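Undergrad: I have a structure I would like to understand better, so I am pasting it below and will then ask my questions one at a time.
The values are calculated or read from the model by the stated rules, or taken from the named source; none is laboratory data. Remember, it's a predicted structure, so these values are computed and weren't measured experimentally. As a convention, Cβ positions derive from the backbone with ideal geometry for all residues, glycine included, and neighbour counts pool all protein chains shown.
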Amino acid sequence: MLIAEPMPTTGRFGPFGGRYVPETLVAALEDLATTYDAVRDDTGFQAELGGLLREYVGRPTPLSEAPRLSEAAGCRVLLKREDLAHTGAHKINNTLGQILLARRMGKHRIIAETGAGQHGVATATACARYGLACVVYMGADDMERQRLNVYRMELLGATVVPVTAGTRTLKDATNEALRDWVTNVVTTHYVLGSVVGPDPFPRLVRDFQAVIGREARAQVLDRVARLPDEVVACVGGGSNAMGIFAGFLDAPAVRLIGVEAAGEGLASGRHAASLAAGRPGVLHGSLSYLLQSEDGQVLGAHSVSAGLDYPGVGPEHAFLKESGRATYAAVSDTDALAAFETLARLEGIVPALEPAHAVAWVLAQAAGRQGDEVVVLNVSGRGDKDVAHVAALSGATR
Amino acid sequence: MRAAGRSALIPYVTAGFPSRARSLEALQMVADEGADFVEVGVPFSDPLADGPVIQRASHHALQQGMTTAGVLELVAEAALPVPVILFSYLNPILRYGVDRFLRDARAVGADGLLLTDLPGGADPGLEETLRRGPLDLIRLVAPTTSPGRLVGLLASADGFVYLIARLGVTGARTPVTAELARSVAAIRARSSLPIAVGFGIDSGEQARAVAGLADGVVVGTALVRRLADGVPAARALVGELRRALDAVAVA
């Protein structure tokens with residue numbers, strides 16, 4: 001077993017991570033790492049970001065009681081409400097941090113990839129706030145199923161570039177963003193949206209998202225006067241999960257559960273469960289678990305949720321899996337869709353399809369629960385973007 | 001590279017594009033037309049350092065069933081009279097097994113290995129294994145490579161230095177600037193390795209301009225684009241490049 005080193009600040013998480021990129025990008029990553037290391041302890045930077053999170057994003061987000069869901073789940077479920085953050089998801093925590101970094105580095109053009117569109121919207125929002133040019137790469141298929149977010153990004157002044165190569169989803173949008181960066185690296189900062197990619201992105205994005213875990217820990221201590229038994233979050237690339245896990249990594253009694261997308265089932269081959277069914281490999285600049293063929297070609301992922309539809313996963317999750325500190329499960333499209341509706345009916349909260357996977361997992365554990373268990377569930381985003389898609393899937397015009 | 005007394009021509013061919021048979025023919029054609037080295041591209045599903053032309057070629061090659069083992073078989077069958085450099089992304093090599101790959105690649109006659117997404121220092125353990133192996137580990141130097149970094153890169157380079165002519169992916173059309181001359185001078189000041197220049201070179205005229213500075217010229221995208229039209233079209237380009245390079249006096 002690996003020796004657990006919580007919150008490492010170097011480019012590796014055990015054997016995972018690294019900086020496997022074209023030579024052209026190395027200087028930009030070194031520059032980003034240097035700038036980032038400098039601002040970690042810079043009170044001016046932290047005060048500016050803290051002010052934005054408070055006054056612009058609306059943090060801290062609440063930790064809501066969920067009495068009717070708790071009854072169905074057989075334990076006390078507390079919902080960390082990232083759906084109530086400005087732009088409707090946790091992604092804004094990271095994009096504001098990175099935009100402040102870009103300004104420090106003198107980069108005036110911003111690019112991003114997006115899957116469900118939440119990261120694209122959050123990047124476009126931060127760019128609008130600071131008057132920076134913004135280009136978002138998005139898979140053509142994702143643009144189709146997340147049309148509302150495409151319009152929101154354009155409304156915010158961003159240019160959305162459809163990516164028609166390969167799988168036409170997040171994986172290829174990320175390839176295209178990296179190609180743009182290789183070409184325009186002198187003027188451009190790439191706001192990567194998850195805890196994936198080359199160092200320093202996995203640790204940098206984790207640190208910007210760690211505000212979720214810090215708040216949740218303080219809130220749950222305040223509420224129940226002890227740490228929770230379990231923290232549950234969905235995992236695509238894994239940024240909302242790393243953000244909330246970060247608040248509890250040093251408390252070994254708190255179980256950390258990441259929930260991947262099992263799509264049409266792990267046996268079908270049509271899923272996005274890199275940790276459950278992948279093998280270590282290199283994609284998008286880091287070594288982590290990866291859905292790949294026997295020949296080392298990256299396989300297309302599948303999930304009803306565009307935000308989880310990615311064949312890789314953050315390297316720190318790979319490390320937490322191997323060290324045993326976190327446990328990873330997978331939930332199917334069908335169960336996630338059912339949980340999407342369940343949370344709406346029981347609590348009046350329409351979650352995004354991504355955290356609906358985490359809701360489904362919590363519901364599925366009901367039989368084995370002791371009633372006094374406390375579970376913190378990260379509702380990483382709201383479901384407005386998914387309503388039309390889900391309605392079309394269920395064939396309903398209820 | 002300099003021993004031939006002329007600027008080296010280094011064509012790149014994606015293994016399996018436009019078909020296995022045509023790429024075999026293409027490898028033999030470029031050797032016939034005076035290539036000094038041949039780069040053989042191992043197709044990968046996510047070629048993030050490549051522009052649309054090589055992306056499509058890689059995708060097409062994979063769809064037709066090309067594999068890493070298949071690339072090695074192709075190299076064996078081609079039995080080229082000039083050195084072969086395998087050009088790959090890291091993951092297919094990791095999956096194949098690094099030691100096994102080095103052994104098998106050498107067995108089919110490959111001489112060098114270039115890994116697009118393994119910059120110097122990214123993985124010291126792996127780099128040590130590669131350098132101890134039988135293939136030359138060719139290093140890429142970019143316009144953005146800092147002088148401090150260049151020293152370490154050159155110390156761990158074998159064979160020749162592959163200098164990326166411009167920012168961007170393969171086939172990029174951003175202008176080659178005076179920076180290229182500065183990059184060449186920076187390498188010359190620190191290393192006696194020959195320098196090959198690539199990325200976006202697509203005509204005899206450009207090849208001639210670059211050959212005035214460097215020891216060799218890599219041509220990839222332009223050749224792959226011609227190969228889509230057939231081997232004769234590609235042969236014409238390689239012939240044009242050879243003549244252009246031969247017209248350049250070598251210092």
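Undergrad: I'm checking my understanding of the structure. Among residues of the stretch A:196-255 that are among the acidic types (Asp, Glu) and out of contact with any Asp or Glu (no Cβ under 8 Å at 6 or more places or on another chain), which one is nearest to A:GLY324 (Cα to Cα)?
TA: Here is the first cut: in the stretch A:196-255, the ones among the acidic types (Asp, Glu) are A:199, A:207, A:215, A:222, A:229-230, A:250.
If we keep only those that are out of contact with any Asp or Glu (no Cβ under 8 Å at 6 or more places or on another chain) too, we end up with A:199, A:207, A:215, A:222, A:250.
Values: A:ASP199: 23, A:ASP207: 21, A:GLU215: 24, A:ASP222: 28, A:ASP250: 13 Å.
Looking at residues that are among the acidic types (Asp, Glu) and out of contact with any Asp or Glu (no Cβ under 8 Å at 6 or more places or on another chain), I get A:ASP250.
Undergrad: With on the phi < 0 side of the Ramachandran plot, surrounded by fewer than 24 Cβ atoms within 10 Å (Cβ to Cβ) and touching a His at 6+ places or on another chain (Cβ under 8 Å) as the only criterion, which of A:ALA261, A:ALA241, A:ALA251, A:ALA277 stands out? Show your work before the answer.
TA: Details: A:ALA261 fails: surrounded by fewer than 24 Cβ atoms within 10 Å (Cβ to Cβ); A:ALA241 fails: surrounded by fewer than 24 Cβ atoms within 10 Å (Cβ to Cβ); A:ALA251 fails: touching a His at 6+ places or on another chain (Cβ under 8 Å).
Sole residue among the options that is on the phi < 0 side of the Ramachandran plot, surrounded by fewer than 24 Cβ atoms within 10 Å (Cβ to Cβ) and touching a His at 6+ places or on another chain (Cβ under 8 Å): A:ALA277.
Undergrad: How about the stretch A:60-87: which of its residues are in a loop (DSSP other than H, G, I, E, B) and buried (at least 20 other Cβ atoms within 10 Å of the Cβ)?
TA: Of the residues in the stretch A:60-87, the ones in a loop (DSSP other than H, G, I, E, B) are A:60-62, A:66, A:74-75, A:85.
Within the stretch A:60-87, A:THR61, A:ALA66, A:CYS75, A:ALA85 qualify.
Undergrad: Further question: Do we have any residue at all in the stretch A:140-161 that's within 14 Å of chain B (Cβ to nearest Cβ) and at pLDDT 95 or above?
TA: Looking through the stretch A:140-161, at least one residue is within 14 Å of chain B (Cβ to nearest Cβ) and at pLDDT 95 or above.
Undergrad: Of everything in the stretch A:239-298, what is within 14 Å of another protein chain (Cβ to nearest Cβ) and assigned to a helix (DSSP H, G or I)? Give them in sequence order. Can you show your working first?
TA: Pass one, the stretch A:239-298, residues within 14 Å of another protein chain (Cβ to nearest Cβ): A:274, A:278-298.
Across the stretch A:239-298, the qualifying residue is only A:SER274.
Undergrad: Filter the stretch B:45-65 down to the residues that are out of contact with any Asp or Glu (no Cβ under 9 Å at 6 or more places or on another chain), at pLDDT 95 or above and not in a helix (DSSP H, G or I), then identify the one that is farthest from the other protein chains (Cβ to nearest Cβ).
TA: B:GLN64
Undergrad: Does at least one position in the stretch B:129-146 carry a residue that is farther than 30 Å from B:ARG190 by Cα, free of Cβ contacts under 8 Å to residues at least 40 places away in the same chain, more than 8 Å from chain A (Cβ to nearest Cβ) and surrounded by fewer than 22 Cβ atoms within 10 Å (Cβ to Cβ)?
TA: The answer is no, given that none of the residues of the stretch B:129-146 is farther than 30 Å from B:ARG190 by Cα, free of Cβ contacts under 8 Å to residues at least 40 places away in the same chain, more than 8 Å from chain A (Cβ to nearest Cβ) and surrounded by fewer than 22 Cβ atoms within 10 Å (Cβ to Cβ).
Undergrad: Here is a further query. How many residues, within the stretch B:147-160, are within 11 Å of chain A (Cβ to nearest Cβ) and either closer than 23 Å to B:ARG103 by Cα or in contact with a strand residue (DSSP E or B) (Cβ under 6 Å, 6 or more places away or on another chain) (or both)?
TA: Matching residues across the stretch B:147-160 total 1.
Undergrad: Are there any pairs, at least 6 apart or on different chains, whose C-beta atoms fall under 8 Å, with the first in the stretch A:384-398 and more than 25 Å from A:LEU84 (Cα to Cα) and assigned to a helix (DSSP H, G or I) and the second of a type outside the set (D, E, K, R) and at pLDDT 90 or above, and if so, which?
TA: Listed pairs, sorted by first residue: A:LEU393/A:VAL304; A:LEU393/A:LEU337.
Undergrad: In addition: Among A:GLY115, A:GLY97, A:GLY120, which is the only one that is farther than 23 Å from A:GLY383 by Cα, surrounded by 23 or more Cβ atoms within 10 Å (Cβ to Cβ), under 17 Å from the mean Cα position of the chain (by Cα) and of a type outside the set (D, E, K, R)?
TA: A:GLY97
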